[in-house]
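Q: I'd like to ask some things about the structure below.
The values are calculated or read from the model by the stated rules, or taken from the named source; none is laboratory data. All figures in this text were calculated on a predicted structure; none of them were measured in a lab. Cβ placement follows ideal geometry from the backbone for every residue including glycine, while neighbour counts extend to all protein chains displayed.
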Amino acid sequence: MRSELLAMGGFEKKTRPRVKVVGIGGAGCNAIANSGFESISICTAAEHFKRLRTHKRILLSDEQILFMRDTPPQMIASIAYDWKDEVIETVGEADIMFLFTGLGGETGSFVTPIVSQICKKLSKMVVASIALPFSVEGSQRKKVAMGGLSNLIWSSDLAITYPNDGLLKIAPNLPLAHAFSVMDNIMMIPPGDMEKVLTVEDLHQVRNSFSGAKHARVGIGMGEGDERELKAVDEAFSSPWFNFDLSRVGVAMVIVSSSDIAQSTVQKVIGDVSYRLPNAKLLYSGCTDSSLQDRLRITLLVGVSLDVF
Ligand SMILES: Nc1nc2c(ncn2[C@@H]2O[C@H](COP(=O)(O)OP(=O)(O)OP(=O)(O)O)[C@@H](O)[C@H]2O)c(=O)[nH]1
Ligand SMILES: [Mg+2]
């Protein structure tokens, strides 16, 4: 079967979406520390803020965390609550709101779904970018993470998960702090690419296309020299987070970046990607990025519902 193809953005200058990033909890605040986006951090420990050059911040008390643990995100719309007003005022409006978090601890797991639900009213699309705990952190942490994830899938437009176990493949020999910063850089690629290639008009299409899965995984690939398109696609498909049956993928988005992007380059990439994802509707776009010099980068987002794991 041939994949359905859908071009996003186009090469003409149209209205690019305004993106904001929100970091929640320890992992989330680490991830946005050097993002370059307009950013907001939400934490329980004031020391997290010291490393952050973020514009705005919200410090939570233990009581507020407990309140959020006991409040399903489905209820937050009907609750009048000081903290909700603080989030609305501090976060403000944007076209795409990217929420960065690590699940398994209290802050990320309990606060992110509530913030996500509030952000839906402040933006056109809410994407959660989620680090999941290492397996060795144990079953209790996993259980808390899975509870948070299910609430977050409900309350966001798209939840992208990055299980930390993937770091054992990407950065096996690095000290943990370095490995985390490698992952932070990877997690920051989708918001950067989406800001560059999508238009505000595309957001409705992206939201609708991913509304069946509501959960996605990411693969990034770089290619250089002969057949750089195919090398980049190959590397993207070797993502440690594609540990499921790809024939079940029903939707994907691919963004191709290089210093001199041509239609033929994009066509070569989407030909290869659609061959490998025969049942997927494929959203695609290309953009120029002079910092890549002779290299070509592929950002591949595949929609996958949690029941395939
Ligand atoms: N990728 C990545 N994962 C992290 C980082 N820090 C923590 N984690 C992971 O995220 C999970 C949640 O940890 P934190 O973000 O520190 O927890 P928290 O949300 O601040 O929760 P509490 O401290 O319990 O209130 C952990 O189990 C780790 O697996 C980080 O900097 N990067
Ligand atoms: Mg913490």
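Q: Mind checking which pairs have a first residue in segment 14-34 that is buried (at least 23 other Cβ atoms within 10 Å of the Cβ) and a second that is of a type in the set (S, T, Y) and part of a strand (DSSP E or B), Cβ under 6 Å, 6 or more apart or different chains?
A: From segment 14-34, the pairs are V21/S39; G23/S41; I24/T101; G25/T101; G28/T101; C29/S41; I32/S39.
Q: Would segment 130-153 turn up any residue that is β-branched (V, I, T), closer than 30 Å to V197 by Cβ, within 16 Å of ligand 2 (Cβ to nearest atom) and at pLDDT 95 or above? Even if it seems obvious, please write down each step before you answer.
A: If we filter segment 130-153 for residues that are β-branched (V, I, T), which is where we start, we get 130, 136, 144, 153.
Subset that is closer than 30 Å to V197 by Cβ: 130, 153.
Subset that is within 16 Å of ligand 2 (Cβ to nearest atom): 130.
Pick out the ones that are also at pLDDT 95 or above and you get 130.
Looking through segment 130-153, at least one residue is β-branched (V, I, T), closer than 30 Å to V197 by Cβ, within 16 Å of ligand 2 (Cβ to nearest atom) and at pLDDT 95 or above.
Q: Of the residues G192, G219, G212, which single one is away from ligand 1 (no atom under 16 Å from the Cβ) and within 17 Å of V273 (Cα to Cα)? Steps first, answer last, please.
A: On the way: G192 fails: within 17 Å of V273 (Cα to Cα); G212 fails: within 17 Å of V273 (Cα to Cα).
Just a single option satisfies the conditions, and that option is G219.
Q: Just to be sure I understand the filter: pairs with C-beta atoms under 6 Å, separated by 6 or more residues or on different chains, first member in segment 215-243 and under 15 Å from G286 (Cα atoms), second member buried (at least 20 other Cβ atoms within 10 Å of the Cβ) and basic (K, R). Which pairs pass?
A: Correct list of pairs: M222/R297.
Q: Using the structure shown, decide if G166 is closer than 18 Å to L283 by Cα and at pLDDT 95 or above.
A: Considered against the rule, which asks whether it is closer than 18 Å to L283 by Cα and at pLDDT 95 or above, G166 comes out as no.
Q: Determine whether segment 37-47 contains at least one residue that is within 14 Å of ligand 1 (Cβ to nearest atom), assigned by TED's automatic domain parsing to the domain that holds A179 and buried (at least 24 other Cβ atoms within 10 Å of the Cβ). Give the steps one after another, and end with the answer.
A: Taking segment 37-47 and keeping what is within 14 Å of ligand 1 (Cβ to nearest atom), we get 41-47.
From the residues that got through so far, the ones that are assigned by TED's automatic domain parsing to the domain that holds A179 too are 41-47.
Then drop every residue that is not buried (at least 24 other Cβ atoms within 10 Å of the Cβ), which leaves 41-42.
Within segment 37-47, one or more residues are within 14 Å of ligand 1 (Cβ to nearest atom), assigned by TED's automatic domain parsing to the domain that holds A179 and buried (at least 24 other Cβ atoms within 10 Å of the Cβ).
Q: Take the residues in segment 275-309 that are among the aromatic types (F, W, Y) and within 16 Å of R248 (Cα to Cα); name whichever of them is farthest from the chain's Cα centre (by Cα). Don't jump to the end; show me each part of the working.
A: Our first condition is that a residue be among the aromatic types (F, W, Y); within segment 275-309, this holds for 275, 284, 309.
In the following step, the residues that additionally are within 16 Å of R248 (Cα to Cα) were identified as 275, 309.
Values: Y275: 24, F309: 19 Å.
Selected residue: Y275.
Q: Hey, another quick one. Does C119 satisfy the condition of being surrounded by 17 or more Cβ atoms within 10 Å (Cβ to Cβ) and within 11 Å of ligand 1 (Cβ to nearest atom)? Give the derivation first.
A: Numbers: surrounded by 17 or more Cβ atoms within 10 Å (Cβ to Cβ): yes; within 11 Å of ligand 1 (Cβ to nearest atom): no.
Criteria not met by C119.
Q: Here's another thing I want to ask about it. Of the conditions (1) within 16 Å of ligand 1 (Cβ to nearest atom); (2) within 23 Å of the chain's Cα centre (by Cα), G92 satisfies every one except a single condition; which number is it?
A: Among (1) within 16 Å of ligand 1 (Cβ to nearest atom); (2) within 23 Å of the chain's Cα centre (by Cα), the lone unmet condition for G92 is (1).
Q: Restricting to segment 23-49, count the residues that are assigned to a strand (DSSP E or B) and polar (S, T, N, Q).
A: Step one: of segment 23-49, the residues assigned to a strand (DSSP E or B) are 23-24, 38-43.
Okay, now just the ones that are also polar (S, T, N, Q), so 39, 41.
Number satisfying all stated conditions: 2.
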